[in-house]
Amino acid sequence: MRTDIHINRLFASLLLATTISAASAQEKFKVCADPLNPPYSTKKKDGFENRIADLFAKELGQKLEYTWFPQRIGFIRNTLTAPLNENEVDSTEFKCDVVMGVPAGYDLTMTTTPYYQSTYVLLIAKNRGWDAITDASQLASLPLEKQESLKIAMFDRGPGTIWMQRNGLLEQGIPYQSMSGDDKNNIAMQLNEDFKAKKIDMVILWGPIAAYIAQQNPKNSFIMIPMKSSPKMKFDFAMAIGLRNGDKERKAALDKLIAAKAKDIESIMRSYNIPLLPIEKMTGKND
């Protein structure tokens, strides 16, 4: 009889341990990320979004896990909202749960409160005849002959291209695609190579990407001039974490972490020399 009781207790203990182990295994911080997208994320986990994800996972006591997918058209559909088991109807488990960097108020996801705000900058390679430029507006007032020698990268979309159009500089633009589809170079890496090859001398670029290019070169190789927002032209934007619509419990937890770890987040961002601005007051997009 006592033997039976002992066996039953042992079985119950093993069952409880298994249950706890299974529950712990489900406690994961599951991030949707691009495997080759410096300075944001890489498979080496050396991007600033990787480091912030690691910080959050540790604070939550969860294991950090990645679903890797190139950040291009269909990224959210193939990661954040993709069922873990594609054959399961009404699945409640998904491949991943958070996208570490989306614009605050992003249409395709719920968003947390913003955790950083940056701006587009005019990035100019030094010692190529443009060192006297201190404000982007000077490019528009250059003599025609000087303007024609401009080698300025221009994207298929974005505020930089709109600014160039408004200032009559489209003809001087060297076109680039925002999403190249290249699995060996993301746009930051490609621009860095083209700067070194002197195919381009300058570009109006999102601050984190400009900071990455500057860091890949000898110190003081570039001039970085913040673009000035106006009521008609916005260059600075707040960035947040993207979540599935309706995932309010996770959003609440992350909002608290963003507030509590603001200094740590800022420290990580500044270690990448990213130009930071005061964060706009907003609460993020709810379902």
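The values are calculated or read from the model by the stated rules, or taken from the named source; none is laboratory data. The structure presented is a predicted model; accordingly, all values stated were derived computationally and were not measured. Backbone-built Cβ (ideal geometry, glycine too); neighbour counts: all protein chains shown.
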Considering Asp247, Asp201, Asp255, which residue is at pLDDT 95 or above, over 30 Å from Lys95 (Cα atoms) and crowded, with 17+ Cβ neighbours inside 10 Å?
Asp201
Would you confirm, using the coordinates I've provided, whether Gly129 is surrounded by fewer than 18 Cβ atoms within 10 Å (Cβ to Cβ), assigned by TED's automatic domain parsing to the domain that holds Asn50 and within 29 Å of Gln165 (Cβ to Cβ)?
no
Log entry, pairs with first residue in the range 151-166 being closer than 17 Å to Lys232 by Cα, second being part of a helix (DSSP H, G or I), beta carbons closer than 8 Å, six or more apart or on different chains, reads Thr161/Leu170; Met164/Leu170; Met164/Gln172
Being part of a loop (DSSP other than H, G, I, E, B), at negative phi and free of Cβ contacts under 8 Å to residues at least 12 places away in the same chain is the filter here, so list the residues in the range 77-107 that pass it.
Leu84, Asn85, Glu86, Asn87, Glu88, Val89, Ser91, Thr92, Glu93, Asp107
For the range 108-169, please list each of the helices (runs of 4 or more DSSP H) lying entirely inside it that holds at least 1 residues being over 21 Å from Gln216 (Cβ atoms) and of a type in the set (Ser, Thr, Tyr).
137-140, 159-166
Test set (1) at pLDDT 95 or above; (2) under 23 Å from the mean Cα position of the chain (by Cα); (3) among the hydrophobic types (A, V, I, L, M, F, W, C) - Ile73 fails condition number:
(1)
Please verify whether Asn192 is more than 23 Å from Met110 (Cα to Cα), crowded, with 18+ Cβ neighbours inside 10 Å, modelled with pLDDT under 95 and not hydroxyl-bearing (Ser, Thr, Tyr), treating the condition exactly as stated.
no
Meets criteria (under 17 Å from the mean Cα position of the chain (by Cα) and farther than 23 Å from Met179 by Cα) for Ile133:
no
Is it the case that the range 105-116 has a residue that's of a type in the set (Ser, Thr, Tyr), surrounded by fewer than 21 Cβ atoms within 10 Å (Cβ to Cβ), at pLDDT 95 or above and within 14 Å of the chain's Cα centre (by Cα)?
yes
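Conditions (1) in the same structural domain as Arg128 (by TED's automatic domain parsing); (2) farther than 28 Å from Leu80 by Cα; (3) free of Cβ contacts under 8 Å to residues at least 40 places away in the same chain; (4) of a type in the set (Asp, Glu), marked per residue:
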site: Met189; (1), (2), (3), (4): yes, no, no, no
site: Ala197; (1), (2), (3), (4): yes, yes, yes, no
site: Ile200; (1), (2), (3), (4): yes, yes, no, no
site: Pro208; (1), (2), (3), (4): yes, no, no, no
site: Asn220; (1), (2), (3), (4): yes, yes, no, no
site: Gly242; (1), (2), (3), (4): no, no, no, no
site: Asn245; (1), (2), (3), (4): no, no, no, no
site: Leu276; (1), (2), (3), (4): no, no, no, no
